[in-house]
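K.L.:
Dropping the structure in here first, questions after.
Values in this text are rule-based calculations from the coordinates and carry no lab data. Computed from a predicted structure; not experimentally measured. Neighbour counts run over all protein chains shown; Cβ positions are idealised from the backbone, glycine included.
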Amino acid sequence: MPTLTITTDVVKMRIRRALSAALRSPCSYLVAAAMLGYGIFATYEYNRLGSEVGAVDLGIFYQTVQGWAFHGDPYVAIKGFSQLGDHFTPAWALLAPLLWIYNSPYMLVLAQVVLLSLSGIPVYIAVRRMFGTLRSVGVTAAYLASSGIEHAIAFPVHEVMFATPIIAWALERMLAGRWTQATILMCSLCLVKEDLNLMTAAFAVLALLNRKWRHAAFLAVWGVALYLITVKILIPDFSPQGYTYLGQYTTTLHASNSVQLFLQIIEHPRHTLHLLISNDTKRQLWYLLFAPVACLALASPICLLAVPELFSRLLSSDSSLWSSHYHYDAPLMPIIFIAAVDALPRLCSIVELYTDARRAKETVRWASAGFVLVTLAMTLHLAKQLPLGQWLRKPTTYEASEAWNANLRKAITAVPSGVTVETTNRVAVPLLTRDTITVTADNPSGTWAVFDLTAMGGRTNPNDVAYVVEMRHEGWDLVRQDGSIVVLHYEGGRTDEASAR
């Protein structure tokens with residue numbers, strides 16, 4: 001018993017010390033401010049059903065977590081199959097307890113705000129270790145206000161919420177010399193998304209450069225093997241369509257599988273480089289990613305981690321992947337900011353070749369101060385065109401009109417609870433907790449339908465009102481219409497609602 005008492009006292013003492021240190025650290029207040037600011041913004045957008053709040057992707061991931069929480073199976077009615085057959089993300093099961101507390105998509109929105117804000121902690125620790133507290137505050141503030149973080153928050157929910165803090169902590173552990181911990185963290189990305197396994201393999205290059213031979217071998221084998229297993233076996237096993245995303249490279253690189261894609265990149269380097277900067281959207285992406293850190297990230301080998309993600313996006317024929325407007329940049333932010341900080345001593349070491357060590361140390365001190373000022377200045381310069389700045393200047397950018405919201409709330413009162421409802425993208429969210437939602441553009445089913453006639457089909461078939469006319473001819477009754485929102489019901493005598501249409 002005395003031993004247990006001593007152990008408990010030690011644990012309590014360490015907890016008190018940790019809490020005391022956290023309260024004294026400016027990082028805690030930066031992260032808390034990010035959570036508060038982004039939380040208010042995300043709540044506003046969610047409550048007012050902004051343009052990004054819809055079945056894609058909030059509805060998809062809510063059904064995923066709901067499946068994990070209450071059925072042990074992440075089946076997504078919107079897709080018509082398990083979420084593991086779309087992107088392999090078992091990490092969504094971690095959020096299941098949130099729905100046990102309060103069953104609402106809003107819990108996922110808040111979870112993303114918290115996780116992305118917390119990713120600032122490893123960035124702060126890494127910078128503080130190199131340059132001290134004051135400079136780490138500046139860099140962390142710029143990181144938390146960066147384009148990638150803000151656009152991810154504006155896109156209510158995505159698996160980037162898991163990837164971003166994991167990558168940030170892995171890099172912090174690597175710079176601290178804790179290679180085993182860093183390796184474990186990078187390997188855990190296999191639970192977040194299949195293509196992040198390639199980033200794990202890229203981490204092997206950093207291990208090689210630091211002469212961590214065993215870590216490098218393990219990372220390379222794990223990353224490549226898990227990518228192939230996931231893409232070739234696991235995802236096709238859960239999806240009737242198989243892994244379809246490699247089809248994005250048939251028109252750009254004439255590749256339909258991973259091997260062909262890799263060979264085309266190697267055999268045609270000029271064409272590959274051209275595709276990376278082939279239009280204004282791609283060039284704007286490069287600017288938003290690297291201008292805030294004065295392109296210093298490119299001078300660090302850490303930046304190699306960004307290659308798989310950037311190449312997979314910019315070489316794709318899917319134009320939405322080229323844009324910084326969505327959530328795709330978030331996992332790149334810790335890489336770019338930490339790489340920029342890592343590059344400073346490397347560049348300043350050149351000075352040491354021509355002068356004494358004291359002069360070189362002074363150069364690093366002044367260079368790091370200048371870097372922080374430039375980064376903060378660029379962040380402020382870009383702020384007005386990023387989501388938070390746009391929202392503060394014009395809140396209606398991230399909300400649907402009051403009339404539209406009122407019409408939707410009135411219209412869905414005609415739909416009973418516990419039924420399967422076919423919807424368009426933006427009208428789905430208020431129905432998610434009470435009904436089984438499917439979407440016209442993906443997997444239409446159900447004997448009830450709620451559509452916004454101004455945005456039919458979600459991501460496809462905009463303004464295709466003819467679809468509704470066709471449904472009326474098939475026997476669907478118009479229950480009510482409020483503005484552009486229509487509610488339809490099918491009296492076909494079917495016992496299995498999910499088999500409708």
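K.L.:
How big is the Rg/Rh ratio for the chain, C-alpha atoms only, Rh by Kirkwood, two decimals?
P.N.:
On the way: Rg = 24.8 Å, Rh = 24.7 Å.
When Rh is taken as the Kirkwood radius, the ratio is 1.00.
K.L.:
Let me ask something else about it. Based on the alpha-carbon gyration tensor of segment 251-357, what equivalent-ellipsoid semi-axes (square roots of 5 times the eigenvalues) come out, in whole Å, largest first?
P.N.:
Numbers: eigenvalues 183, 56, 27 Å².
Ellipsoid half-lengths, sorted descending, are 30, 17, 12 Å.
K.L.:
What Rg and what Dmax come out for segment 136-214 when only alpha-carbon atoms are used, in angstroms?
P.N.:
Gyration radius and largest Cα-Cα distance of segment 136-214: 13.9, 41 Å.
K.L.:
To test your reading of the geometry: what angle, between 0 and 90 degrees and rounded to tens, separates the Cα axis of helix 60-70 from the longest principal axis of the chain?
P.N.:
Rounded to the nearest ten degrees, it is 90.
K.L.:
Also: Once both axes come from the Cα atoms, what is the angle between helix 402-411 and the longest principal axis of the chain, in degrees from 0 to 90, rounded to 10?
P.N.:
Long axis of 402-411 versus the principal axis of the chain: about 50 degrees.
K.L.:
Quick one: angle between helix 160-175 and the longest Cα principal axis of the chain, in degrees between 0 and 90, rounded to 10, please.
P.N.:
So the helix axis and the longest Cα principal axis differ by about 10 degrees.
K.L.:
To continue, here is another question. With +1 on each Lys and Arg Cβ and -1 on each Asp and Glu Cβ, how big is the dipole of the chain about its Cα centre, in debye rounded to the nearest 20? Write down the numbers at each step before the final one.
P.N.:
Numbers: 38 positive and 35 negative charges, 494 e Å.
Dipole size: approximately 2380 debye.
K.L.:
If you don't mind, there's one more thing I want to ask. Quick check on the chain: helices-only [θ] at 222 nm, where DSSP H runs of length 4 and up contribute -39,500 (n - 2.57) each and the sum goes over total residues. Nearest 500, please. The partial results should precede the final answer.
P.N.:
Working: 22 runs with 278 residues, N = 501.
Value at 222 nm, helices only: -17500 deg cm²/dmol.
K.L.:
Same structure, new question: What is the list of residues in segment 288-332 whose amide nitrogen lies under 19 Å from a point 7 angstrom out from the Cα of THR244, following Cα to Cβ?
P.N.:
Flagged as within label range: 313, 316-322.
K.L.:
Please state the Cα pair-distance histogram of segment 102-172 with 10 angstrom bins from zero: what percent is in each bin?
P.N.:
Histogramming segment 102-172 at 10 Å steps yields 21, 47, 24, 7, 1 percent.
K.L.:
Below 8 Å between Cα atoms, with a sequence gap of 6+, how large is the relative contact order for the chain in percent?
P.N.:
Numbers: 794 pairs, mean separation 84.8, N = 501.
It comes to 17 percent, rounded to a whole number.
K.L.:
Tell me, SER119, SER316, SER28 in order of fewest to most beta-carbon neighbours within 10 Å?
P.N.:
Working: SER119 27, SER316 20, SER28 15.
Least crowded to most crowded, the residues run SER28, SER316, SER119.
K.L.:
Bin by bin, in steps of 10 Å, what percent of the Cα pairs in segment 367-408 do you find, going until the bin that has the longest distance?
P.N.:
Cα pair-distance distribution for segment 367-408, in percent: 26, 28, 23, 13, 7, 2.
K.L.:
Could you quote the convex hull projected area for segment 32-178, Cα atoms only and averaged over all directions, in nm²? Could the numbers behind the result be given before it?
P.N.:
Details: hull surface 37.8 nm².
One quarter of the hull surface, i.e. the mean projection, equals 9.4 nm².
K.L.:
OK, next. If contacts are Cα pairs under 8 angstrom and at least 6 residues apart, what is the relative contact order of segment 69-179 in percent?
P.N.:
Numbers: 81 pairs, mean separation 29.4, N = 111.
Over segment 69-179, the number comes to 26 percent.
K.L.:
May I ask you to list the lysines whose Cα is less than 20 Å away from that of LYS394, ignoring any residue fewer than eight positions away on the same chain?
P.N.:
Once the sequence-local lysines are set aside, what remains near LYS394 is LYS384.
K.L.:
Give me the mean projected area, in nm² to one decimal, of the convex hull enclosing the Cα positions of segment 228-283. Before the final figure, lay out the partial values.
P.N.:
Values: hull surface 18.4 nm².
So the mean shadow area of the Cα hull is 4.6 nm².
K.L.:
In addition: Search the structure for amide H atoms under 5 Å from the amide H of THR423, placed 1.01 Å from N in the peptide plane, and list their residues when 5 or more places away or on another chain.
P.N.:
HN-HN under 5 Å from THR423: THR438, VAL439, THR440, VAL450.
K.L.:
Report the one residue of PHE203, LEU189, PRO122 whose Cα lies farthest in the direction of the positive end of the charge dipole of the chain (charges on C-beta: Lys and Arg +1, Asp and Glu -1; origin at the Cα centre).
P.N.:
Farthest along the dipole direction, towards plus: PRO122.
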